[in-house]
Amino acid sequence: MVAQMDARNTASARLATAVGMRHEAHMRQDWWNKGEWTDTLVFGMPAEDRNAP
């Protein structure tokens with residue numbers, strides 16, 4: 001499972017962490033959005049971690 005989000009979206013980053021996802025990448029200025037370059041955060045969770053107690 002993978003979640004990608006604007007790095008300024010701290011609420012989504014907190015939620016991804018709260019559900020057990022790990023911060024995998026921070027891509028700098030990789031997305032042009034509303035007239036400016038923005039950073040992207042990538043969180044992930046391997047399939048075997050989703051079924052862990």
A 1.4 Å probe over the protein heavy atoms gives the chain a carbon and sulfur accessible-area percentage of 54
With labels modelled as points extended 7 Å from the Cα through the Cβ direction, what inter-label distance (nm, one decimal) is found for Ala47 paired with Trp32? 3.7
Mind checking the full-extension length gain between Gln4 and Ala25? Use 0.36 nm per residue of separation minus the Cα-Cα distance, one decimal, nm. 6.6 nm
For the chain, the Cα convex hull volume per residue in Å³ comes to 63
Quick check on the chain: helices-only [θ] at 222 nm, where DSSP H runs of length 4 and up contribute -39,500 (n - 2.57) each and the sum goes over total residues. Nearest 500, please. -6000 deg cm²/dmol
Not counting ligands, DNA or RNA, and with a 1.4 Å probe, what is Arg22's accessible surface area in Å² rounded to the nearest 10? 120
Please compute the per residue accessible area over the chain with all protein chains in place, 1.4 Å probe, rounded to a whole number of Å². 77
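The values are calculated or read from the model by the stated rules, or taken from the named source; none is laboratory data. Treat the numbers as computed from the prediction; the structure is a model and nothing was measured. Glycine gets a Cβ as well: all are built from the backbone with ideal geometry, and neighbour counts include every protein chain shown. All accessible areas refer to the heavy atoms of the entire protein, side chains included, with ligands and DNA or RNA removed. Shrake-Rupley method; radii C 1.70, N 1.55, O 1.52, S 1.80 Å.
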